[in-house]
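Comments concern the structure below.
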Amino acid sequence: MNNTYTDYDVIIVGTGPAGGMCAYELSKRNLRVLLLEKEKLPRYKVCAGGLTKKAVDILPEDIRDIAENYTFNTHLTLNHRWRFAKTTSFPIVTMVMRDKFDYFLVQKSQAYGASLLDQTRVNSVEEFPDYVLVTTEKGNFKSKVIIGADGVTSLVARSLGLRKKPKLGVALEGEIFPNNDSANLSIYDGSLQLDFNVIPKGYGWIFPKRDHLSVGVFTTLPRIKEIKRYFSFYLERKGLAKNYICCSLVGHQIPIGGRDEILNTKRGLLIGDAAGLADPITGEGIYFGLRSGQIAAKVIAQSLTRDCLLLDEYTQKVRNEIIADFKFASYIAKFFYNLSFFTYNLVRKTNKFSEAFVRVVAGEQSYSDMFKNI
Ligand SMILES: Cc1cc2nc3c(=O)[nH]c(=O)nc-3n(C[C@H](O)[C@H](O)[C@H](O)COP(=O)(O)OP(=O)(O)OC[C@H]3O[C@@H](n4cnc5c(N)ncnc54)[C@H](O)[C@@H]3O)c2cc1C
């Protein structure tokens, strides 16, 4: 075939946290990696940019220069009324802007030899017995393995015939900037705000950044009428409608993890949102993107040295390490998001639930521990 370049061990489609981390781990192991990205990098990505402690703990490089804020105080509310606050001795969530964070990982992988082609949309992926053919706007590429790190609407997943009926939630987020001197960002500094039940089966958040706030609403329902109305109401309730200006209001789907799905073929596999790996309660996906990228890199590197591709091991490892715990999160979500008067009172009268939830966010315990204790 004309215009086909053959030289890669692995092609990764998508340069979010999953693709960036996987490229880093593979190129560090001296594999020939090509990253393909449809946008021009660095690119804006709608996301609250909250890196939980467990996500920061597995990062291979220091992100001090790109961190926007460190939150030590967690504030939870339920039904706009009941409140819970917890202070931790460590930043429970480190705030970043995704353009900088995602590009940071890509640049680190380039330093180890990964190649990048941005502004290059992948149009199709075809798997053959001995190689994979990737067709893009800028030519065709061949590799031994293909990785779908192309997010929730993954073209790679569709091309490989994987994840045919993904379970999805929806989020809407705005970047909120002070508009005059009456706006006071400093009260949000160092604090993480999660307000449950301000939207059906979901929550609203306020995450502080260097010069603004990332504010949004997320529902675990697959679709919801008038999500903008819930967002506007939330801004009003929080006193952010006046004196602040909302820029780049964007909606996006979030996968709801927890199903036992096959995440690989003979020569392909999915990581991050493409694999449906987001927390069924909070929608957190960055940690799971990073971690699945690491697991994938290890399995692929071992397979390629043995000259025998055994990618089924990837699905098995992700099931054991991530999806098994998501199942417990799904049970808790059913109980928590179907708030009856009884559940509401239970949560309100004891801090046990909230204490346990904060420990999960911090990465100090799993959802399975939380489920068993409660
Ligand atoms: C409003 C909102 C707030 C969120 N807040 C948080 C949070 O605070 N903390 C957290 O942990 N998670 C959060 N999430 C979830 C988090 O954003 C995702 O889980 C995370 O981005 C998944 O990373 P990824 O690398 O799998 O995919 P993505 O980050 O989606 O990256 C996919 C990449 O693939 C590229 N791509 C797609 N198709 C193609 C193609 N055909 N060819 C080439 N390139 C392609 C895209 O341009 C993109 O760069 C939030 C999500 C939303 C919607």
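The values are calculated or read from the model by the stated rules, or taken from the named source; none is laboratory data. From a predicted model like this one, the values you see are computed outputs, not experimental measurements. Neighbour counts are summed over all protein chains in view; Cβ atoms, including those assigned to glycine, are modelled from backbone coordinates with ideal geometry. Side chains are part of the model used for accessible areas, which takes the heavy atoms of the whole protein and leaves out ligands, DNA and RNA. Shrake-Rupley method; radii C 1.70, N 1.55, O 1.52, S 1.80 Å.
Each other residue within a Cβ distance under 10 Å of PHE101 adds +1 if Lys or Arg and -1 if Asp or Glu, for a net charge of 0. Annotation: the antiparallel percentage among DSSP beta bridges lying fully within the chain is about 70. Which of ASN197, SER303, ALA275 sits closest to the plus end of the dipole of the chain, meaning its Cα is farthest towards the positive end, when Lys and Arg get +1 and Asp and Glu get -1 on the C-beta? Final value for the positive-end residue is ASN197. Measuring between alpha carbons in the structure, the pairs from LYS327/LYS372; LYS201/LYS225; LYS100/LYS167 lying more than 19 angstrom apart are LYS100/LYS167. Simple point charges give the picture: +1 on the Cβ of Lys and Arg, -1 on the Cβ of Asp and Glu, and for the chain a dipole about the Cα centre of about 1080 debye.
Placing unit charges on each Cβ (+1 for Lys and Arg, -1 for Asp and Glu) gives the chain a dipole about its Cα centre, and among VAL93, LEU133, LEU26 the Cα reaching farthest toward its positive end belongs to VAL93.
You can think of it this way: the chain between ASP312 and ARG158 has 53.6 nm of extra reach, that is 0.36 nm per residue less the Cα-Cα gap. For LYS242, the lysines whose Cα falls under 21 Å of its own Cα, not counting residues fewer than eight places away in the same chain, are LYS209, LYS228. A Förster radius of 25 Å combined with the Cβ-Cβ distance from ARG348 to THR87 puts the calculated FRET efficiency at roughly 0.75. Among residues other than HIS80 with Cβ under 13 Å from its Cβ, the summed charge is +3 (Lys and Arg +1, Asp and Glu -1). Taking amide H as placed 1.01 Å from N in the peptide plane, the amide H of VAL93 sits under 5 Å from that of THR71, each at least 5 places away or on another chain.
Here each label is just a point 7 Å from Cα along the line to Cβ, and for ASP130 and ILE66 those points are 3.9 nm apart. Close amide-amide hydrogen proximity is noted between LEU35 and ILE12, SER115, LEU116, LEU117, each under 5 Å apart and 5 or more residues distant or on a separate chain (H modeled in the peptide plane; Pro and chain starts excluded). For the chain, with all protein chains in place and a probe radius of 1.4 Å, 49% of the accessible heavy-atom surface sits on carbon or sulfur. Distance from the Cα centre of segment 18-37 to that of segment 138-186, in angstrom? When both Cα centres are located, 18 Å separates them. For LYS142, give me every one of the lysines with a C-alpha distance below 19 angstrom, ignoring sequence neighbours fewer than eight places off in its own chain. Those lysines meeting the cut-off are LYS38, LYS266. Accessible surface area normalised per residue over segment 249-349 is 41 Å², counting heavy atoms of protein chains with a 1.4 Å rolling probe.
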